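Have a look at the structure below before the remarks.
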Amino acid sequence: MNTKILLLENDEDAFARLATYLETAGYLTDNIIRVTNITDIHRYGRESLYLILADINNCRVSKEECLKTIQDVFPYTPIIVLTAYDDGATATYAIKQGAQDCLVKEEIDARSLRKAITFAVERLRVAANYSRLFSENPVPIYIYETETLRFLAVNNAALSQYMYTRDEMLSKTALDIRPEEDWERFKFLSSNLPDAYFDAGTWRHIRKNGEVFHVHIYAHATTFAGKNASMVMAIDVENKIRAEAEASRKARQ
């Protein structure tokens, strides 16, 4: 079993204590990789890691840049953020940005550290399962930021429905897939979404090739990557709309 742990810590005493706790908890000394600077993270980008322990408040860049760099290099590795002070702010920020836990260094011992590592690995596994449910769901789903309306996440079915690549769609806003005359109605709905799934009815959407088609929308307010957001299911009902229109036309005849 791979139990390599990368430890980002530039304080010698703190590193020595943490290394001792890890060894006492059963992790081999040879499997502990220490880095003292966030730039050194890139040197280990090809390593298969079990966990990352990182003091993001003391890595020579902002905590935002530090955590983002770690997540970019190791997107599938659980992260436990370390902090010297129990101010709550670092923990809140770290968890909202996707870290699996945040520990105050002075409160750590071998037993609590092993428990935290076990839980962090399991949390990421569960989160990965939910992420797979999202990405591979056959129903087109996307998440956009409430304030800017910019797309934050889109699943594979949504990319197929709107004919964009992931990068293309993530560079757009929820307005870009709607006719301009529907924008005000959409903005009103978006700012008043409930927390529970809401049947928003039928709307017109636009594919990349300019084709306008009808979708049935189910949506709710949520939080994603620390941002106020909306999650939307957009089910293509164009064929149904056309069939109903044709049936109505024949009935009139």
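Here are some notes:
- For the stretch 64-115, filtering for residues that are modelled with pLDDT of 90 or more, part of a loop (DSSP other than H, G, I, E, B) and surrounded by fewer than 15 Cβ atoms within 10 Å (Cβ to Cβ) leaves 1.
- Check on Y27, at pLDDT 90 or above, touching a Leu at 6+ places or on another chain (Cβ under 6 Å) and of a type in the set (F, W, Y): no
- Which numbered condition C59 misses (of (1) open to solvent by less than 30 Å² (accessible area, probe 1.4 Å); (2) at pLDDT 90 or above; (3) touching a helix residue (DSSP H, G or I) at 6+ places or on another chain (Cβ under 6 Å)): (2)
- In the stretch 1-11, residue least open to solvent (accessible area, probe 1.4 Å) [restricted to those that are without any contact (Cβ under 8 Å) to a residue 60 or more places away in the chain, assigned to a loop (DSSP other than H, G, I, E, B) and closer than 16 Å to T83 by Cβ]: N10
- Verdict on G45 being under 15 Å from I117 (Cβ atoms) and not aliphatic (A, V, I, L, M): no
- Filter result for L51 (open to solvent by less than 50 Å² (accessible area, probe 1.4 Å), hydrophobic (A, V, I, L, M, F, W, C), touching a strand residue (DSSP E or B) at 6+ places or on another chain (Cβ under 6 Å) and touching a residue at least 60 places away in the same chain (Cβ under 8 Å)): yes
- Restricted to strands (runs of 3 or more DSSP E) entirely inside the stretch 143-253, those with at least 1 residues that are open to solvent by 30 Å² or more (accessible area, probe 1.4 Å) and acidic (D, E) are 198-206, 227-236.
- Meets criteria (in contact (Cβ under 8 Å) with a residue 24 or more places away in the chain and of a type outside the set (D, E, K, R)) for A128: yes
- Note on the stretch 12-48: among residues that are assigned to a loop (DSSP other than H, G, I, E, B) and open to solvent by less than 60 Å² (accessible area, probe 1.4 Å), the one that is farthest from V81 (Cα to Cα) is G26.
- Leading residue by the ranking (modelled with the highest pLDDT) among those in the stretch 116-142 that are open to solvent by 70 Å² or more (accessible area, probe 1.4 Å) and outside any helix (DSSP H, G or I): P138
- Options Y218, Y197; residue that is of a type in the set (S, T, Y) and either under 30 Å from T90 (Cα atoms) or out of contact with any His (no Cβ under 9 Å at 6 or more places or on another chain) (or both): Y218
The values are calculated or read from the model by the stated rules, or taken from the named source; none is laboratory data. Note that the coordinates shown come from a computational prediction; the quantities given were computed from them, not determined experimentally. Heads up, the Cβs are rebuilt from the backbone with ideal geometry, glycines too, and the neighbour counts pull from every protein chain shown. What goes into the accessible areas is simple: the full protein's heavy atoms, side chains included, and nothing from ligands, DNA or RNA. Shrake-Rupley method; radii C 1.70, N 1.55, O 1.52, S 1.80 Å.
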